[in-house]
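A.B. asks: Starting off with a structure, shown below.
The values are calculated or read from the model by the stated rules, or taken from the named source; none is laboratory data. These numbers come from a predicted model, not from an experiment. Positions of Cβ are backbone-derived with ideal geometry, glycine not excepted, and every protein chain shown enters the neighbour counts. These area figures cover heavy atoms from the full protein model, side chains too; ligands, DNA and RNA do not enter into them. Shrake-Rupley method; radii C 1.70, N 1.55, O 1.52, S 1.80 Å.
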Amino acid sequence: MAEQSSGKVSMEKIVSLCQRRGFIFPSSEIYGGLSSCWDYGPLGVELKQNIKQAWWRAVVQERDDMVGLDASILMHPQVWTASGHLKEFADPLVECKSCHLRWRTDEVKGSTCPSCGGELTEPQLFNLMFKTFMGPVESEANVVYLRPETAQGMFVNFENVLNTTRKRLPFGIAQMGKAFRNEITTGNFIFRSREFEQMEIEYFVRPGTDDKWFDYWLEERHKWYINLGIKEGNLRLREHARGELAHYARKCYDIDYLFPMGWSELEGIANRGDFDLQQHASFSGKSLTYLDEETNQHIVPYIIEPSAGVDRSLLAFLCDAYDEEPDKDEIRVVLHFNPALAPVKVAVLPLSKKETLAPLAREVYAELRPCWLVQYDDTQSIGRRYRRQDEIGTPFCVTIDFQSLEDKQVTIRERDSMNQIRVPITELKNTLAAKLKGEPLFVLPPGGQVWKVEREE
Ligand code: GAP
């Protein structure tokens with residue numbers, strides 16, 4: 001729960017920037033929106049893809065002990081009996097006898113309705129799973145559920161993955177995708193919604209080594225956020241108290257972020273023990289075990305689960321990158337995204353709209369486009385165009401001016417320092433590639449000429 005405001009940027013500013021620049025819109029906005037559902041716009045979808053790609057590379061492609069999976073959202077209904085979700089995945093609710101609003105019991109202080117002061121009913125459990133029907137007949141026999149977590153797809157495919165990849169313990173499966181929860185209380189923009197995306201890892205280990213692997217993943221996941229630019233001081237680790245643990249968890253830590261509304265959960269790392277494999281073995285009648293090559297015994301692995309939210313990560317990256325700086329008589333709004341996450345990597349800006357500059361500027365644009373998402377912008381003053389790119393977090397602008405026609409050089413302007421250098425067009429792609437990989441700003445590739453560094457006027 002929120003405890004303290006970060007005081008850095010308000011949620012209103014983030015929501016307004018997202019809407020103004022095309023990161024995130026309310027769902028079905030022309031019909032007045034649909035509560036707690038959001039649409040990712042042209043820049044939002046790029047940012048989201050970049051976050052997911054960074055996660056996938058770090059936890060699957062760059063590791064020998066991990067494989068990926070993309071299981072279906074609809075699963076056999078028995079999955080949810082075995083997982084305990086049908087019984088346990090519920091919040092206690094009270095209803096106001098006057099206005100009929102429903103409240104989670106932890107939201108109500110006394111015994112009266114927070115909205116109208118009316119009398120409240122006794123608490124009743126409300127299951128958070130979305131129900132629908134498979135096929136044309138709407139009967140109890142055809143009920144299926146939208147998955148409330150991606151995790152179960154990985155547990156029920158444990159044997160398939162083991163048999164097809166011949167992985168040895170410890171190894172993990174990673175999956176990202178949509179999850180749905182009929183949350184009672186939503187809000188704080190995309191922080192808590194009813195349709196969201198998760199990035200989850202199920203890491204299978206020998207019982208007895210689970211504490212070691214728990215600590216390992218907690219550190220790895222904490223580092224991942226920091227490596228992508230989140231300030232360490234805006235992250236904290238919080239252990240769940242006994243009464244707070246989910247029904248499957250032996251131990252759990254949250255990685256919390258200092259969101260504008262205060263410290264709140266970004267990712268959970270849980271030790272699920274052998275709960276899931278035991279449950280699915282018992283309900284399916286399949287033996288979900290691992291033949292331990294050391295002891296020649298069948299064992300049921302323990303599972304360490306780092307479970308992150310895509311939308312919450314995106315919100316954290318946005319809040320952390322947001323900055324306002326005095327700029328002459330105005331305020332410069334900048335998103336200091338790590339280049340790997342920035343939706344647009346480079347903007348190509350001819351200094352003027354005059355026909356004479358367009359052919360060269362278009363040539364430069366055509367050369368860079370196959371490498372990155374690049375924007376071409378020739379409207380308004382150069383200053384305003386820089387500000388527009390700052391506000392969407394574009395790390396580099398390339399400006400083509402009249403001198404470029406003579407000397408075949410262009411100016412690279414860097415978002416954070418606003419420093420500018422001139423480089424020959426023949427060196428442009430390599431220079432940008434090096435900068436986008438995080439090499440020190442304006443240190444040129446070996447053999448490269450040193451150009452004068454100037455600060456933007
Ligand atoms: N498989 C374990 C699991 O689902 P969780 O703590 O319920 O654990 C994991 O969810 C992550 O999913 C959370 O840390 C959060 O980032 C994200 N998440 C959960 N509910 C969400 C919601 N209603 N809206 C947005 N993200 C949510």
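A.B. asks: Per DSSP H run of n ≥ 4, the term is -39500 (n - 2.57); total these for the chain, divide by its residue number, and report the mean residue ellipticity at 222 nm rounded to 500 deg cm²/dmol.
C.D. replies: Helices in the chain give a 222 nm mean residue ellipticity of -8500 deg cm²/dmol.
A.B. asks: Now for a separate question. Taking θ as phi - 60°, what are the ³J(HN,Hα) couplings along region 225-239 by the Karplus curve (6.51, -1.76, 1.60), each to the nearest whole Hz, with x for Gly and Pro?
C.D. replies: 5, 5, 4, 9, x, 6, 6, 4, x, 9, 10, 8, 9, 9, 7
A.B. asks: Right, next: Cα gyration tensor of the chain, axes a ≥ b ≥ c as square roots of the eigenvalues: rounded (a/c below 1.5), prolate (a/b > b/c) or oblate?
C.D. replies: prolate
A.B. asks: Check the straight Cα-Cα distances from Lys345 and name the aspartates and glutamates below 16 Å, setting aside those fewer than 8 residues away within the same chain.
C.D. replies: Output for Lys345: Glu46, Glu367, Asp377, Asp390, Glu391, Glu414, Asp416, Glu439.
A.B. asks: Which order do the peptides 394-401, 83-90 take when ranked by the mean count of other beta-carbon atoms within 10 Å per residue, highest first?
C.D. replies: So the peptides 394-401, 83-90, ranked by packing, come out 394-401, 83-90.
A.B. asks: Label region 1-101 by shape, choosing from rounded, prolate and oblate, from the square roots a ≥ b ≥ c of the eigenvalues of the Cα gyration tensor; if a/c is under 1.5 it is rounded, and otherwise prolate applies when a/b is larger than b/c, oblate when it is not.
C.D. replies: Here region 1-101 falls in the oblate category.
A.B. asks: Could you work out what % of the accessible surface of the chain is carbon and sulfur, using a 1.4 angstrom probe and leaving DNA, RNA and ligands out of the count?
C.D. replies: Reported share for carbon and sulfur atoms: 50 percent.
A.B. asks: Given a 1.4 angstrom probe, what's the average accessible area per residue across the chain, in square angstrom?
C.D. replies: 48 Å²
A.B. asks: About its Cα centre, how strong a charge dipole does the chain have in debye, to the nearest 20, once Lys and Arg get +1 and Asp and Glu get -1 at the Cβ?
C.D. replies: Here the size comes out at about 660 debye.
A.B. asks: Still on this structure, I have one more. Sorted by average packing, counted as other Cβ atoms within 10 angstrom per residue and highest first, what order do 301-309, 263-271, 122-130, 206-214 take?
C.D. replies: Answer by packing, highest mean first, reads 301-309, 263-271, 206-214, 122-130.
A.B. asks: Compare Thr431, Thr132 by solvent-accessible area with a 1.4 Å probe and give them largest first, with all protein chains kept in place.
C.D. replies: Listed by decreasing accessible area, they come as Thr132, Thr431.
A.B. asks: Ordered by residue, what ³J(HN,Hα) values in Hz, to whole numbers, does region 135-143 give under the Karplus form 6.51 cos²θ - 1.76 cosθ + 1.60, where θ = phi - 60° and Gly and Pro are x?
C.D. replies: Per residue, the Karplus-derived 3J(HN,Hα) values read x, x, 9, 8, 10, 4, 5, 9, 5 Hz.
A.B. asks: Which trypsin sites (Lys or Arg not before Pro) does region 287-352 hold that lie in a coil by DSSP with at most 10 other beta carbons within 10 Å?
C.D. replies: When the trypsin sites (Lys or Arg not before Pro) of region 287-352 are filtered for loop state and at most 10 Cβ neighbours within 10 Å, Lys328 remain.
A.B. asks: Rounded to the nearest 5, what % of DSSP beta bridges with both residues in the chain are antiparallel?
C.D. replies: The antiparallel fraction comes to roughly 85 percent.
A.B. asks: Another one. What accessible area, in Å² to the nearest ten, does a 1.4 Å probe give for His240?
C.D. replies: 40 Å²
A.B. asks: When a/c is below 1.5 the answer is rounded, else prolate if a/b is larger than b/c, else oblate, so apply that to region 347-435 with a ≥ b ≥ c taken from the square roots of the Cα gyration tensor eigenvalues.
C.D. replies: Cα axes put region 347-435 in the rounded bin.
A.B. asks: Below 24 Å, Cα to Cα, which lysines can Lys97 reach? Residues fewer than 8 away in the same chain don't count.
C.D. replies: Reachable lysines: Lys109.
A.B. asks: Pairs to check: Lys167/Lys223; Lys13/Lys353; Lys52/Lys178; Lys353/Lys435; Lys408/Lys429. Give those whose C-alpha atoms are more than 22 Å from each other in this structure.
C.D. replies: Beyond 22 Å: Lys167/Lys223; Lys13/Lys353; Lys353/Lys435.
A.B. asks: While we're here: For region 233-270, state which trypsin sites (Lys or Arg not before Pro) are in a DSSP loop and have at most 13 other beta carbons lying within 10 Å of their beta carbon.
C.D. replies: Loop-located and lightly packed - none at all.
A.B. asks: Which order do you get for Arg192, Arg387, Arg147 if you rank them by accessible area with a 1.4 Å probe, largest at the top?
C.D. replies: Reading off the accessible areas and sorting them downward yields Arg192, Arg387, Arg147.
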